[in-house]
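Chemist: One structure, pasted below without further comment.
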Amino acid sequence: MRFVINDTDIETDIDPRTSLLDLLREQIGLTGTKKGCNQGACGACTVLVDGERILSCLALAVQYEGRQVTTVEGLADQAGLHPLQKAFIEHDGFQCGYCTPGQLCSAIGMAAELQRGLPSHVTGDLSAMAIRATREELAERMSGNLCRCGAHNGIIDAIDEVFGERRGQQGYDAEMPEKVA
Amino acid sequence: MTPFSFARATDADDALRLASARGGRYLGGGTNLVDLMRETIERPTALIDVTGLSSTIGERDDGGLLIGAAVRNTAVAEHAAVRARYPALARAILSGASGQIRNMATVGGNILQRTRCAYFYDNAGSRCNKRNPGEGCDAIEGFNRMHAILGASPSCVATHPSDMCVALAAFDATAHLLGADGERRLPLTELHHLPNGRPDDETLLKPGELITAVELPAERWFARSTYRKVRDRASYAFALISVAAALKIDGDRISDVRLALGGVAHKPWRAHKAEAALRGAPATAEHFRDAARAELAGAVPLSHNGFKIELAERTIVAVLQELAGEIA
Ligand SMILES: Cc1cc2nc3c(=O)[nH]c(=O)nc-3n(C[C@H](O)[C@H](O)[C@H](O)COP(=O)(O)OP(=O)(O)OC[C@H]3O[C@@H](n4cnc5c(N)ncnc54)[C@H](O)[C@@H]3O)c2cc1C
Ligand code: SF4
Ligand code: FES
Ligand code: FES
């Protein structure tokens with residue numbers, strides 16, 4: 001069976017019972033993606049499939065044959081860390097780091113949803129085609145990713161800096177001029 | 001997980017063929033079924049992936065909407081016609097689960113998701129009539145804070161956990177089904193059963209029957225609708241109580257209304273008694289309260305969920321006031 005993981009083609013035989021999470025961690029050795037609850041309740045296992053965030057623990061790998069899967073290992077490039085990874089470091093967006101790979105992948109998927117105008121539970125006007133990336137919107141949209149260390153404020157600060165409505169404003173990211181969304 | 005074979009259906013007929021040949025179960029996003037299989041509460045021997053079936057949302061000639069069963073929950077809530085004409089449906093979906101789960105979950109799977117009763121999930125340690133018919137129900141004397149206040153039975157007091165279905169019930173949605181005997185349609189309010197003596201028998205679907213789509217009627221006034229969910233935390237939690245409502249007012253009287261409740265029963269609960277009390281009545285808080293009380297007169301509290309009765313009353317009144325205020 002063929003999978004495309006972080007732009008690499010991978011052929012492997014799998015038992016249909018294998019979750020996408022176990023395929024990544026146990027068979028391919030990409031242990032960046034974490035197993036927290038293994039039942040959809042924590043978000044630690046979040047990966048991107050064709051750019052959309054999903055929970056790899058509730059996904060049977062066979063369902064994602066041939067699709068583009070991106071894990072935390074696929075976020076950095078030749079130039080270095082993804083801007084969001086740098087922002088997490090800068091804003092103390094973690095303590096133990098266990099939830100971080102899921103937070104990063106989730107936030108990147110979330111930013112794409114926000115950009116294309118998907119409303120959320122806290123969006124006032126459903127007919128608005130553009131939605132302001134307020135902190136309230138960011139926090140609601142990230143509610144599927146729990147952090148047992150309680151680093152949520154730092155996490156939202158980091159996401160706010162890279163994807164929030166104040167991004168690029170004078171003074172806001174002046175301290176970290178190298179970071180661009 | 002017990003072993004199973006996996007096949008991908010190319011269209012609805014193919015799904016039906018595969019299901020009858022293999023005696024299998026349909027697989028949507030897997031967010032409920034995979035979880036239950038891992039707990040060996042569900043043990044299908046074959047899975048037929050139906051996510052490749054209709055995933056379009058189409059306008060009907062009569063002005064209604066037809067939503068394919070494989071449409072992801074996110075796509076329903078994002079659709080411009082749903083947001084403009086059936087806002088309670090978009091809001092209900094957006095108040096459920098998380099962004100990741102909504103990206104995976106399908107309309108068909110959401111309708112047929114099973115209860116979150118903790119004793120149902122506790123395969124090894126608890127008695128549950130839904131899991132093992134006849135063995136008893138540990139929720140009735142147990143921790144039943146999340147459980148039903150309407151339509152429960154001595155066999156089972158579980159609730160149906162879907163938010164989306166509450167809005168579909170309010171809107172008189174119809175499920176399109178395909179089975180060995182051909183196509184048929186069922187009002188969503190009739191699709192799920194109350195528990196009665198057989199809580200394991202949850203729907204009117206026949207073995208192998210497939211949900212192909214959900215149809216929303218063309219009622220323009222449904223644009224004045226909303227969904228409110230009360231839960232233990234601000235996001236990513238199941239409903240204690242939820243209310244979907246649409247309100248039509250002519251002059252100072254209510255000319256039509258749709259009201260459905262979540263978190264209260266084994267199925268999405270259409271509040272027919274409250275609707276009857278509201279039709280023709282003035283749109284005032286007093287009448288909203290009387291109507292809510294008429295609906296909840298038959299509510300029966302369990303040891304830990306008596307608070308739900310007043311919470312339901314207040315939430316109904318608040319939602320109707322919000323909609324009335326919007327119109328005024
Ligand atoms: C942590 C967590 C929190 C959640 N919170 C909420 C919440 O707050 N509100 C809420 O509403 N939901 C919530 N959910 C539940 C979620 O909405 C459901 O799991 C999801 O909608 C199921 O859809 P699916 O496509 O993944 O279904 P699957 O798991 O694939 O299938 C579910 C059932 O439907 C059957 N099925 C699927 N498609 C068809 C079809 N076309 N025809 C016939 N049968 C079919 C399957 O055989 C199976 O029995 C939560 C889930 C999790 C894990
Ligand atoms: S309430 Fe229903 S699902 Fe829960 S333990 Fe009792 S029988 Fe099982
Ligand atoms: S490990 Fe997947 S949600 Fe917790
Ligand atoms: S950093 Fe420890 S769980 Fe989030």
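Chemist: Of the residues B:K267, B:K273, only one is farther than 20 Å from B:R114 by Cα and not aliphatic (A, V, I, L, M); which?
Modeler: Going through B:K267, B:K273 in turn, the sole match is B:K273.
Chemist: How many residues does the range B:116-148 hold that are within 16 Å of ligand 1 (Cβ to nearest atom) and part of a helix (DSSP H, G or I)?
Modeler: So the count comes out to 3.
Chemist: Among the numbered criteria (1) closer than 17 Å to B:L112 by Cα; (2) in contact (Cβ under 8 Å) with a residue 12 or more places away in the chain; (3) β-branched (V, I, T), which single criterion is violated by B:T45?
Modeler: (1)
Chemist: When the residues of the range A:3-25 are filtered to those that are among the acidic types (D, E) and under 19 Å from B:P3 (Cα atoms), which remaining residue is farthest from ligand 1 (Cβ to nearest atom)?
Modeler: A:D13
Chemist: Could you run through the range B:1-47 and say how many residues are more than 8 Å from chain A (Cβ to nearest Cβ), out of contact with any helix residue (DSSP H, G or I) (no Cβ under 6 Å at 6 or more places or on another chain) and assigned to a strand (DSSP E or B)?
Modeler: 3
Chemist: When the residues of the range A:89-112 are narrowed to those that are within 12 Å of the chain's Cα centre (by Cα) and away from ligand 3 (no atom under 16 Å from the Cβ), which ends up farthest from B:A88 (Cα to Cα)?
Modeler: A:I108
Chemist: Moving to a separate point now. Identify the single condition in (1) more than 16 Å from ligand 1 (Cβ to nearest atom); (2) more than 18 Å from B:E78 (Cβ to Cβ); (3) not assigned by TED's automatic domain parsing to the domain that holds A:G40 that A:A130 does not satisfy, given that it satisfies every other one.
Modeler: (2)
Chemist: Which of the residues that make up the range B:82-110 are away from ligand 3 (no atom under 16 Å from the Cβ) and in contact with an Asp or Glu (Cβ under 7 Å, 6 or more places away or on another chain)?
Modeler: Within the range B:82-110, B:A92, B:I93, B:S95 meet the criteria.
Chemist: For the range A:112-168, give me the residue count where each residue is small (G, A, S), in contact with a Lys or Arg (Cβ under 8 Å, 6 or more places away or on another chain) and within 13 Å of chain B (Cβ to nearest Cβ).
Modeler: 2
Chemist: Of the residues in the range B:87-115, how many are within 11 Å of chain A (Cβ to nearest Cβ) and not in a helix (DSSP H, G or I)?
Modeler: The number of residues fulfilling the criteria is 5.
Chemist: Can you confirm whether B:R127 is surrounded by fewer than 24 Cβ atoms within 10 Å (Cβ to Cβ) and either within 15 Å of ligand 2 (Cβ to nearest atom) or modelled with pLDDT under 95 (or both)? Before the answer, list the steps.
Modeler: Numbers: surrounded by fewer than 24 Cβ atoms within 10 Å (Cβ to Cβ): yes; either within 15 Å of ligand 2 (Cβ to nearest atom) or modelled with pLDDT under 95 (or both): yes.
Here the answer is yes, as B:R127 does meet what is asked.
Chemist: A further question on this structure: Could you say which residue among B:V71, B:V76, B:V50, B:V82 is more than 12 Å from chain A (Cβ to nearest Cβ) and either buried (at least 21 other Cβ atoms within 10 Å of the Cβ) or touching a strand residue (DSSP E or B) at 6+ places or on another chain (Cβ under 7 Å) (or both)?
Modeler: Numbers: B:V76 fails: more than 12 Å from chain A (Cβ to nearest Cβ); B:V50 fails: more than 12 Å from chain A (Cβ to nearest Cβ); B:V82 fails: more than 12 Å from chain A (Cβ to nearest Cβ).
Of B:V71, B:V76, B:V50, B:V82, the one residue that is more than 12 Å from chain A (Cβ to nearest Cβ) and either buried (at least 21 other Cβ atoms within 10 Å of the Cβ) or touching a strand residue (DSSP E or B) at 6+ places or on another chain (Cβ under 7 Å) (or both) is B:V71.
Chemist: Sticking with this one: Report the residue count in the range A:66-107 for those that are of a type in the set (D, E, K, R) and either within 16 Å of ligand 2 (Cβ to nearest atom) or touching a Lys or Arg at 6+ places or on another chain (Cβ under 7 Å) (or both).
Modeler: Adding up the residues that qualify gives 1.
Chemist: Among what's in the range A:50-62 and is more than 7 Å from chain B (Cβ to nearest Cβ) and more than 15 Å from A:E73 (Cβ to Cβ), pick the residue that is nearest to ligand 4 (Cβ to nearest atom). Walk me through how you get there before you give the answer.
Modeler: First, the residues of the range A:50-62 that are more than 7 Å from chain B (Cβ to nearest Cβ): A:50-51, A:56-57, A:61.
With the extra rule that they be more than 15 Å from A:E73 (Cβ to Cβ), the set shrinks to A:50-51, A:57, A:61.
Numbers: A:D50: 26, A:G51: 24, A:C57: 16, A:A61: 25 Å.
Step by step, filter the range A:50-62, then rank; the result is A:C57.
Chemist: Just the residues that are away from ligand 4 (no atom under 16 Å from the Cβ) and without any contact (Cβ under 8 Å) to a residue 24 or more places away in the chain, please, taken from the range A:32-48.
Modeler: Result: A:Q39, A:G40.
Chemist: Additional query: Being within 17 Å of the chain's Cα centre (by Cα) and hydrophobic (A, V, I, L, M, F, W, C) is the filter; apply it to the range A:68-87 and report the residue that is surrounded by the fewest Cβ atoms within 10 Å (Cβ to Cβ).
Modeler: A:A76
Chemist: Hand me the list of strands (runs of 3 or more DSSP E) wholly inside the range B:166-278 holding 1 or more residues that are of a type in the set (V, I, T) and modelled with pLDDT of 95 or more.
Modeler: So the answer is B:174-179, B:210-216, B:225-230, B:241-250, B:253-262.
Chemist: Given A:E90, A:E65, which one is of a type in the set (D, E, K, R), surrounded by fewer than 24 Cβ atoms within 10 Å (Cβ to Cβ) and closer than 20 Å to A:I10 by Cα?
Modeler: Just a single option satisfies the conditions, and that option is A:E65.
Chemist: Cβ-Cβ distance below 8 Å, separation of 6 or more or different chains: which pairs start in the range B:18-40 with a residue that is more than 16 Å from B:L53 (Cα to Cα) and end on one that is more than 9 Å from ligand 1 (Cβ to nearest atom) and assigned to a helix (DSSP H, G or I)?
Modeler: What qualifies is B:G24/B:L18; B:E39/B:Y121.
Chemist: I need every pair where a residue in the range B:123-140 that is within 14 Å of another protein chain (Cβ to nearest Cβ) has its Cβ under 6 Å from the Cβ of a residue that is more than 16 Å from ligand 1 (Cβ to nearest atom) and not in a loop (DSSP other than H, G, I, E, B), sequence separation at least 6 or different chains.
Modeler: Matching pairs, first to second residue: none at all.
The values are calculated or read from the model by the stated rules, or taken from the named source; none is laboratory data. Values in this document were obtained by computation on a predicted structure and should not be read as measured data. Glycine gets a Cβ as well: all are built from the backbone with ideal geometry, and neighbour counts include every protein chain shown.
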